[in-house]
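These notes are about the structure you will find just below.
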Amino acid sequence: MSASGRNSIHAATPVCVSVIMPAYNAATTIARSIESVLAQTLASFELLVIDDCSSDDTPAIARRYADQDARVTYLRQSANGGVAAARNAGLDRATGEFIAFLDSDDGWHPRKLELQVAQMRQRGAQVSYAGYQRVSEDGRVLSLVKPPARLTHADLLRSNFIGNLTGAFARSLGQPRFRRIGHEDYVFWLEVIRLAGSAIRIEHDEPLAYYLVREGSVSANKWRAARWQWRIYRDIESLSLPRALSCMVQYVWFALAKRR
């Protein structure tokens, strides 16, 4: 893996939040995503852009930001390994007290990190998440996703309530990893919340993140997503058949509600 940017060697000053941004051929969207991180009112962060061997202008764009802002580090994978491997590479390099994720086509409210860190510290939480908007490629708001105020592992089995672009966890929890599997972010947060015991929703009047819904995206294939979910219940979480069926019914219900 190669690195560029003035902070390719991390500064001695402790970082509050490590933001991990995987990117692959994201030249049309990554600048907007990076800008939403740089606009955060919480200034103590490092942004790790993990380029999964892009063949477009993604490297040039990311390097430009790394050259301009010492908080941005550009890292290029030695081989294309997928989003799970890219996020894990970011986890390996993260130095912050907390870790958060933002994909290279999504965005944040300017106060997202400030509110998240403040409320986690105030309430002694190791894991948190927030509400977010689902937005179309032409900028239309498709729906508002407002997850429950508190989650346990059992709650999370009912549905993927933690939008990966909103989640954050304390690095002191350990070394959770992303698996190369369908719904890799869901499996990751199941592991994280199992380690922590519970998670809290960050309270704010507005959604704190904006998720881009692309036409023809992997997640848009509902039958494939359902098969992935079933595999998680049976093979990853080792649920009994009756429990898996019960969770599956709830998963379908909440998936439909998310799109209203």
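The values are calculated or read from the model by the stated rules, or taken from the named source; none is laboratory data. Just so it is clear, the model here is predicted, and its values are computed rather than measured. Reconstructed Cβ throughout: ideal geometry from the backbone, glycine too, with neighbour counts over all protein chains shown.
What the table below lists for this structure:
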| read-out | value |
| --- | --- |
| Unmet criterion (only one of (1) in contact with a Ser or Thr (Cβ under 6 Å, 6 or more places away or on another chain); (2) under 30 Å from Cys247 (Cα atoms)) for Arg76 | (2) |
| Filter pass, Arg158 being at pLDDT 95 or above and either under 23 Å from Ser18 (Cβ atoms) or of a type in the set (Lys, Arg) (or both) | no |
| Lone qualifier among Leu75, Leu91 - being at negative phi, under 13 Å from the mean Cα position of the chain (by Cα) and touching a residue at least 12 places away in the same chain (Cβ under 8 Å) | Leu91 |
| Any helices (runs of 4 or more DSSP H) falling wholly within segment 35-141 and containing at least 3 residues that are at pLDDT 95 or above, hydrophobic (A, V, I, L, M, F, W, C) and surrounded by fewer than 22 Cβ atoms within 10 Å (Cβ to Cβ) | 83-93, 112-123 |
| Selection from segment 149-162 of residues that are loosely packed, with under 15 Cβ neighbours inside 10 Å and of a type outside the set (D, E, K, R) | Ala149, Thr152, Ala154 |
| Hits in segment 3-29 - residues which are crowded, with 20+ Cβ neighbours inside 10 Å and at pLDDT below 95 | Gly5 |
| Subset of segment 146-161 [charged (D, E, K, R) and either under 16 Å from Gly197 (Cα atoms) or touching a helix residue (DSSP H, G or I) at 6+ places or on another chain (Cβ under 6 Å) (or both)] | Arg150, Asp155, Arg158 |
| Selection within segment 176-232 - over 23 Å from Ala86 (Cα atoms) and among the aliphatic types (A, V, I, L, M) | Ala196, Ala199, Ile200, Ile202, Leu208, Ala226 |
| Tabulated pairs, segment 129-140, first farther than 11 Å from Val213 by Cβ, second among the charged types (D, E, K, R) and buried (at least 19 other Cβ atoms within 10 Å of the Cβ), C-beta under 9 angstrom, 6+ apart or interchain | Tyr129/Arg201; Ala130/Lys112; Ala130/Arg201; Gly131/Arg201; Tyr132/Asp106 |
| Considering residues of segment 142-160 that are assigned to a strand (DSSP E or B) and under 23 Å from Ala26 (Cβ atoms) only, the residue nearest to the chain's Cα centre (by Cα) | Val145 |
| Every residue from segment 30-44 that is closer than 16 Å to Asp106 by Cβ, in contact with a helix residue (DSSP H, G or I) (Cβ under 7 Å, 6 or more places away or on another chain) and hydrophobic (A, V, I, L, M, F, W, C) | Ile30, Ala31, Ile34 |
